[in-house]
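The values are calculated or read from the model by the stated rules, or taken from the named source; none is laboratory data. Since the structure is predicted, the reported quantities are computational estimates derived from the model, not experimental observations. Don't worry about glycine lacking a Cβ; one is built from the backbone with ideal geometry, like all the others, and counts go over all protein chains shown. Accessible surface is based on the protein model in full, side chains and every heavy atom, while ligands, DNA and RNA are left aside. Shrake-Rupley method; radii C 1.70, N 1.55, O 1.52, S 1.80 Å.
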Amino acid sequence: AVRNSLFLVEQDLPPDAPQHEFLQLAQNELARIARIIARMRDFYKPTHSEFQTTDLNALIHETLYLSATYLEHAGIHAVTELDPALPPIVASADQLRQVLLNLVLNACDAMPDGGTLTVRSAVVGSEALVEIADTGVGIPPEVQERLFEPFFTTKASGTGLGLSVSYHIVAQHGGTLQIESQPGTGTVCRVRLPLKYEPRQDAELAGYAAPRIGS
Ligand code: ADP
Ligand code: MG
């Protein structure tokens, strides 16, 4: 949107206007920001050696352990409803722990006066489902639309990177991240991961569907 706006402004300027120089500068800096974001995304891309047999229930326990002090200080009661029959999946434990931690910390931020954090796991069809539910402030519709945008935050000292990075990590695992919220009631984040991992092509992740023979 910024790039398009700059382009439109430039179109309306007379060719000899001195402002062309400033617009060029702005465009160059914008291109630089785009390169930084692309590099950050590459950084978060799990390498194949990271993919190991991973116990999601254990990851949930680790995440709650890591955030225990935080939860306690905020007066948040954590509840787990974990499916003991959840089979291990092939995944990057470090990256998924990061996703769960991001979601738990967001839930905490949404409950400044305390509340209940519920973490569930289950097998649904061919997927493992992890749900992180809070009884917090909820997310207004105009924020819901922008949740996964890099650098989008409503917090004074937020980075706005937690959800965009989490979305990306889950997609790299062939899974999905969905967030459903009722303003005033709370929010549920759902991470779905295939029980049987199949590496995905980067082209697919970028929204480009490679042509299939015979279709
Ligand atoms: P940050 O936490 O740094 O703001 P995130 O990408 O993690 O960045 O989240 C983006 C925004 O989404 C938050 O600023 C907040 O407005 C909203 N959000 C995310 N999770 C929740 C939640 N559980 N409840 C309410 N709002 C949320
Ligand atoms: Mg966050």
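Inside the range 101-130, can you point out the residues that are over 22 Å from Val143 (Cα atoms) and buried (at least 22 other Cβ atoms within 10 Å of the Cβ)?
Within the range 101-130, Val119, Ala128, Val130 meet the criteria.
So which pairs qualify, if the first residue must be in the range 145-162 and more than 10 Å from ligand 2 (Cβ to nearest atom), the second must be of a type in the set (S, T, N, Q) and open to solvent by 70 Å² or more (accessible area, probe 1.4 Å), the Cβ gap must be under 8 Å, and the two must be at least 6 apart or on different chains?
Short answer, once both residue conditions are applied: Phe151/Thr159.
How many residues are in a helix (DSSP H, G or I) and open to solvent by 50 Å² or more (accessible area, probe 1.4 Å) if we restrict to the range 143-167?
2
Identify, from the list Arg120, Arg146, Arg97, the residue that is closer than 30 Å to Ile36 by Cα, basic (Lys, Arg) and more than 13 Å from ligand 1 (Cβ to nearest atom).
Values: Arg120 fails: closer than 30 Å to Ile36 by Cα; Arg146 fails: more than 13 Å from ligand 1 (Cβ to nearest atom).
Only one candidate qualifies: Arg97.
Go over the candidates Leu8, Leu30 one by one and state the one that is free of Cβ contacts under 8 Å to residues at least 24 places away in the same chain and more than 21 Å from Ser166 (Cβ to Cβ).
Matching residue, one of Leu8, Leu30: Leu8.
Can we say Pro87 is surrounded by fewer than 17 Cβ atoms within 10 Å (Cβ to Cβ) and within 15 Å of ligand 1 (Cβ to nearest atom)?
So Pro87 does not fit the description; no.
All but one of (1) modelled with pLDDT of 95 or more; (2) near ligand 1 (Cβ under 8 Å from one of its atoms) hold for Val130, so report the exception by its number.
Answer for Val130: the failing condition is (2).
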